[in-house]
Amino acid sequence: MNSSKKILVTGGAGFIGSHVVKRFIKNYPNYHIVNLDALTYAGNLENLKEIESASNYTFEKGDINNVDFINNLFKKYNFDAVIHLAAESHVDRSILGPRKTIETNIVGTLNLLIAAQNSWKDNIEGKLFYHVSTDEVYGSLGDTGFFVEETPYDPRSPYSASKAASDHLVRAYWHTYDLPILISNCSNNYGSFQFPEKLIPLFIHNVKNNKELPVYGDGKYTRDWLWVEDHASAIETIFHKGKMGETYNIGGNNEWKNIDLIHLLCDSMDEILGRNPGASRELITFVKDRPGHDRRYAIDATKLKNDLNWEPSITFEKGLKNTIQWYLENEEWLDNVTSGEYKKYYEKQYEGR
Ligand code: NAD
Ligand code: DAU
């Protein structure tokens with residue numbers, strides 16, 4: 001049995017954070033999980049319904065940009081560990097207006113580091129600040145090669161620049177103040193509860209509603225897709241077994257050109273919805289490219305496999321089918337998150353493109 005711990009999870013009402021919170025609540029009754037989330041457009045307590053009344057769970061609504069709030073939270077709970085996921089996570093939004101992304105992802109992370117260091121400075125033994133980051137910090141690959149942990153940082157969007165800066169700050173706290181840290185850099189996630197601004201849930205939503213599928217540029221951009229439950233299990237593994245100060249890449253070993261993935265998604269949805277074969281592909285519309293669009297991401301996750309014995313659990317074909325089924329079966333969730341603010345964002349992002 002794991003010893004008891006009080007863990008602050010930030011961004012636990014978001015896509016990946018909610019899967020992490022649910023996994024820890026279920027697998028570790030001895031841990032008390034405090035979920036801190038500002039409930040921005042991307043945060044949704046519906047994602048946590050199944051554990052909201054668990055005795056080892058507490059929700060705190062608050063902003064990581066609010067220094068007093070963060071400092072008081074550390075005093076109130078005396079945390080043993082932090083798993084930091086809260087962020088502005090969408091590249092397109094960071095391009096439309098970078099300020100919020102920079103404030104939350106960089107200054108918000110610094111606020112947490114300062115609070116953790118203050119809280120732990122007299123007794124650092126057994127403490128951990130785990131920062132959840134992205135493969136986008138490494139920049140863009142050509143047709144060959146993979147990102148390894150030593151790949152030099154080369155971020156190219158306001159979002160990836162902000163995540164790169166936050167990674168550097170976390171490492172600076174390790175070197176300068178001996179703060180016990182871990183960082184993981186993960187590839188593109190997909191699965192249930194992802195906000196439908198990201199490629200897969202957006203396109204499921206649009207196919208379902210017979211709306212155009214806006215493919216950026218030539219559609220030959222490549223991403224390495226990982227099921228969100230597998231990301232959460234990798235975080236669980238790294239949290240417990242990772243070596244202090246280290247970075248671990250997490251990936252699915254599962255590269256897809258966007259257009260090939262979109263064809264698979266359309267064909268699977270035709271089958272599930274009983275449409276004529278090829279019907280959903282008719283919705284594909286090539287639109288103006290994303291500025292600074294990174295051509296290819298691909299993770300080499302050998303270190304995680306060799307050192308911590310972690311590997312993804314399911315194939316993409318199976319995961320994608322399950323994911324489509326989930327969005328179709330959870331119409332109310334999708335309707336709720338696509339009303340209000342979503343409509344304004346959609347118009348701004350896609351109109352006239
Ligand atoms: P998300 O946008 O779904 O969720 C982000 C959560 O953070 C939301 O619940 C939101 O309310 C909360 N939040 C935002 N600003 C906040 C603030 N100022 N204070 C407190 N809470 C705030 O994001 P996600 O896709 O779940 O990503 C989670 C983390 O994982 C991010 O750090 C992201 O960079 C990283 N990541 C994401 C992916 C991916 O494919 N989605 C891949 C690798 C790494
Ligand atoms: O690689 C990890 C990153 O993956 C995470 O750090 C980010 O938080 C997450 O949002 C994701 O970033 P991407 O930019 O790769 O994901 P997105 O779903 O926005 O886009 C995936 C690909 O699909 C990308 O090449 C852009 C393209 N795309 C996206 C949208 C929303 C389209 O062609 N049309 C679209 O409408």
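The values are calculated or read from the model by the stated rules, or taken from the named source; none is laboratory data. What you are looking at is a predicted structure, and each value in this text was computed from that prediction instead of being measured. Glycine also receives a Cβ, built like all others from the backbone with ideal geometry; neighbour counts cover every protein chain displayed. For accessibility, only protein heavy atoms count, side chains too; no ligands or nucleic acids. Shrake-Rupley method; radii C 1.70, N 1.55, O 1.52, S 1.80 Å.
Assorted remarks:
- Value of relative contact order over the chain, rounded to a whole percent, pairs C-alpha under 8 Å and six or more apart: 17
- Computed over region 92-160, the Cα gyration tensor eigenvalues convert (square root of 5λ each) into semi-axes of 29, 19, 7 Å, ordered from largest to smallest.
- Surface accessible to a 1.4 Å probe, residue 151 within the full protein complex, Å²: 30
- In terms of the mean number of neighbouring beta-carbon atoms within 10 Å, the peptides 176-188, 122-134 order highest first as 176-188, 122-134.
- Evaluated at q = 0.07, 0.11 Å⁻¹, a Debye calculation over the C-alpha positions of the chain (equal weights, vacuum) places log10 I(q)/I(0) at -0.28, -0.72.
- Lys, Arg +1 and Asp, Glu -1 on Cβ, resulting dipole of region 7-157 about Cα centre, debye, nearest 20: 460
- Accessible area of the chain belonging to carbon and sulfur atoms, whole % at 1.4 Å probe: 47
- Near the amide H of residue 221, within less than 5 Å, lie the amide hydrogens of 258, 259, all on another chain or at least 5 residues away, with H placed in the peptide plane.
- Hz values of 3J(HN,Hα) by residue in region 183-194 - Karplus curve (6.51, -1.76, 1.60), Gly and Pro given as x: 10, 10, 10, 10, 7, 4, 9, 9, x, 5, 6, 8
- The slack between residue 241 and residue 218, meaning 0.36 nm per residue of separation minus the straight C-alpha distance, is 4.1 nm.
- Mean separation of Cα contacts under 8 Å (6+ apart) over length of region 248-309, as relative contact order %: 53
- Under a 5 Å amide H cut-off, with hydrogens placed 1.01 Å from N, residue 286 pairs with 215 among residues at least 5 apart or on other chains.
- In order along region 45-56, the Karplus-derived 3J(HN,Hα) couplings, from 6.51 cos²θ - 1.76 cosθ + 1.60 at θ = phi - 60°, round to 5, 4, 5, 10, 3, 5, 10, 4, 9, 5, 6, 9 Hz, and Gly and Pro are given as x.
- Under 20 Å of direct C-alpha separation, and excluding same-chain neighbours fewer than eight residues apart, residue 61 reaches these lysines: 6, 22, 49, 75, 76, 100.
- In Å, descending, principal axis extents of the Cα set of region 17-80: 31, 29, 16
- Between region 152-214 and region 328-353, the alpha-carbon center distance in angstrom: 20
- In a simple Cβ point-charge model (Lys, Arg +1; Asp, Glu -1; nothing else charged), the chain has a dipole of about 420 debye relative to its Cα centre.
- Of the beta bridges in the chain, as assigned by DSSP with both residues counted there, near 5 percent are antiparallel.
- Per-residue HN-Hα couplings for region 74-87 [Karplus 6.51, -1.76, 1.60; θ = phi - 60°; Hz; x = Gly/Pro]: 5, 5, 5, 9, 6, 5, 8, 8, 10, 10, 9, 10, 4, 5
- Once Rg and the Kirkwood radius are both taken over the C-alpha atoms of region 297-353, their ratio Rg/Rh works out to 1.20.
- For residue 111, the shell of other residues with beta-carbons less than 13 Å away shows a net charge of -3, using +1 for Lys and Arg and -1 for Asp and Glu.
- Straight-distance candidates among the lysines for linking to residue 321, with alpha-carbon spacing under 19 Å and chain neighbours fewer than 8 residues away dropped: 198, 208, 257.
- Region 123-227, relative contact order in percent, only Cα pairs under 8 angstrom and at least six apart counted: 30
- Solvent exposure of the chain as accessible area per residue, Å², 1.4 Å probe: 43
- In region 1-40 the Cα-Cα distances spread across 10 Å bins starting at 0 as 34, 51, 14, 1 percent of all pairs.
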